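Pasting a structure below so you can have a look.
The values are calculated or read from the model by the stated rules, or taken from the named source; none is laboratory data. A quick note: this is a predicted structure, and the numbers were derived from the prediction, not measured. Neighbour counts are summed over all protein chains in view; Cβ atoms, including those assigned to glycine, are modelled from backbone coordinates with ideal geometry. To get the accessible areas, we keep the full protein, side chains included, count just its heavy atoms, and leave off ligands, DNA and RNA. Shrake-Rupley method; radii C 1.70, N 1.55, O 1.52, S 1.80 Å.
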Amino acid sequence: MNQFLTDVLKGLQSTPKYLDSKYFYDKKGDELFQQIMDSDEYYLTNAEMEIFSTQQAGIADEVLKNTHQLDVIEFGPGDATKSIFLLKELAERKAIAGYFPIDISKNIIRFLDENLPKQIPDVPIHGYAGEYFEMLSAVRNISSNRKLVLFLGANIGNFKFNEMPVFLQKLRHSLSEHDMVLIGFDLKKNPRKILAAYDDSEGYTKEFNLNLLSRINRELQGNFVIDHFEHYAMYDPSNGACKSFLISTQNQTVQIRGTEINFEKDEPVFTEISQKYSINEIHEFAQKAGFASRADFFDSHHYFVDVILRCS
Ligand code: AVJ
């Protein structure tokens, strides 16, 4: 069964139409996302990098408050360029029993298994390719050490506002007393600043969004004419929702593995939410999910926050 095909047809046969943002990240999508992160307008990466490269000692102090050794598990590590600062800090203090990066991409896991030992030679690295919660439970079965789960990069923003607390609760219930999570959130800020990050002047985000259609053409024998769609990003400062759409610029019919999909002129296909939070919303949701104490690490502009939550 081809999950990609099933999900694409389901989304494009719904009203209104949508596509799942997890499908952005094929090889081309990974490259485009790297270019977005390197762009001037996408402030998120620099902000979180500043936090990890200047406050790693404070973060390490906080996670080692009630323990001297832990397993570090990372959801969606990418190339680990941010977490490596914390991993090195903890490794110097001989505080890591093991590092367990978990990603859907086998390529990422292979890359980390090969490259991280050079940077943190004394830390055992066990990469897992698969779904976050399944792999987390696999890690819990092989080791009873205290756990620190990293979920960085504002990836949590891909959950809708009302889905996020459900994810936090699920995370809480997959962990034990005194385990911790460290989550990166993009904060609400000037709406123009946010919108520019999702509508950059070089057009990387536009290409990133349109690549989803190219991927359907490549992998599912689709016949999208890419020029007949445009990228549209919007930010609603009243609820913190930053959304991306692909807009059909004309009436058209597209074939995907023999299934016909009709698009009306100006019809939107919703492709991604990047939800922004206030620090108070984060605190409220964390408390409701059953996390006890909290420590916040902001960048100097207060664009971004990495929050450590402790299971009571
Ligand atoms: C990787 C989900 C955090 O939502 O900011 C960047 C993806 N989309 N530009 C984000 C993305 C458009 C990014 N996350």
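Any idea which of A91, A47, A60, A97 is under 26 Å from E272 (Cα atoms) and of a type in the set (A, V, I, L, M)?
Checking each option against the conditions leaves just A47.
Within region 177-192, is there a residue that is open to solvent by 70 Å² or more (accessible area, probe 1.4 Å), of a type outside the set (K, R) and at pLDDT below 95?
yes
Being open to solvent by less than 60 Å² (accessible area, probe 1.4 Å), away from the ligand (no atom under 16 Å from the Cβ), modelled with pLDDT of 95 or more and assigned to a strand (DSSP E or B) narrows it down to one of L148, L171, so name that one.
Exactly one of L148, L171 is open to solvent by less than 60 Å² (accessible area, probe 1.4 Å), away from the ligand (no atom under 16 Å from the Cβ), modelled with pLDDT of 95 or more and assigned to a strand (DSSP E or B), namely L148.
Filter region 204-217 down to the residues that are touching a residue at least 12 places away in the same chain (Cβ under 8 Å) and either farther than 18 Å from F245 by Cα or open to solvent by less than 60 Å² (accessible area, probe 1.4 Å) (or both) and list them by number.
Within region 204-217, Y204, T205, F208, N209, L210, N211, L212, L213, S214, R215, I216 meet the criteria.
Also: Would you check if F111 is open to solvent by 40 Å² or more (accessible area, probe 1.4 Å), aromatic (F, W, Y) and away from the ligand (no atom under 15 Å from the Cβ)?
When the stated conditions are applied, F111 passes them.
Please pick out the residue among A60, A95, A47, A91 that is within 16 Å of the ligand (Cβ to nearest atom) and more than 30 Å from R215 (Cα to Cα).
Result: A47 is the single residue among A60, A95, A47, A91 that is within 16 Å of the ligand (Cβ to nearest atom) and more than 30 Å from R215 (Cα to Cα).
Name every residue in region 292-302 that is in contact with a strand residue (DSSP E or B) (Cβ under 6 Å, 6 or more places away or on another chain) and at pLDDT 95 or above, in order of residue number.
A295, D296, F297, F298, listed by residue number.
Let me ask something else about it. Would a scan of region 247-254 turn up a residue that is away from the ligand (no atom under 16 Å from the Cβ), in contact (Cβ under 8 Å) with a residue 24 or more places away in the chain, more than 30 Å from L70 (Cα to Cα) and not in a helix (DSSP H, G or I)?
Checked against the condition, which is being away from the ligand (no atom under 16 Å from the Cβ), in contact (Cβ under 8 Å) with a residue 24 or more places away in the chain, more than 30 Å from L70 (Cα to Cα) and not in a helix (DSSP H, G or I), region 247-254 yields at least one hit.
Exactly one of these conditions fails for K65: (1) in contact (Cβ under 8 Å) with a residue 24 or more places away in the chain; (2) outside any strand (DSSP E or B). Give me its number.
(1)
Just the residues that are open to solvent by less than 40 Å² (accessible area, probe 1.4 Å) and small (G, A, S), please, taken from region 53-96.
Those that are open to solvent by less than 40 Å² (accessible area, probe 1.4 Å) and small (G, A, S): G58, A60, G76, G78, A80, S83, A91, A95.
Yes/no matrix, rows are residues, columns are (1) among the hydrophobic types (A, V, I, L, M, F, W, C); (2) in contact with a Gly (Cβ under 7 Å, 6 or more places away or on another chain); (3) surrounded by fewer than 18 Cβ atoms within 10 Å (Cβ to Cβ); (4) more than 22 Å from D103 (Cβ to Cβ):
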position: F4; (1), (2), (3), (4): yes, no, yes, no
position: T15; (1), (2), (3), (4): no, no, yes, yes
position: D38; (1), (2), (3), (4): no, no, yes, no
position: A47; (1), (2), (3), (4): yes, no, no, yes
position: I51; (1), (2), (3), (4): yes, no, no, no
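Tell me which residues, restricted to region 170-198, are within 19 Å of A47 (Cα to Cα), over 18 Å from the mean Cα position of the chain (by Cα) and touching a residue at least 60 places away in the same chain (Cβ under 8 Å).
Scanning region 170-198 gives K189, K193, A196.
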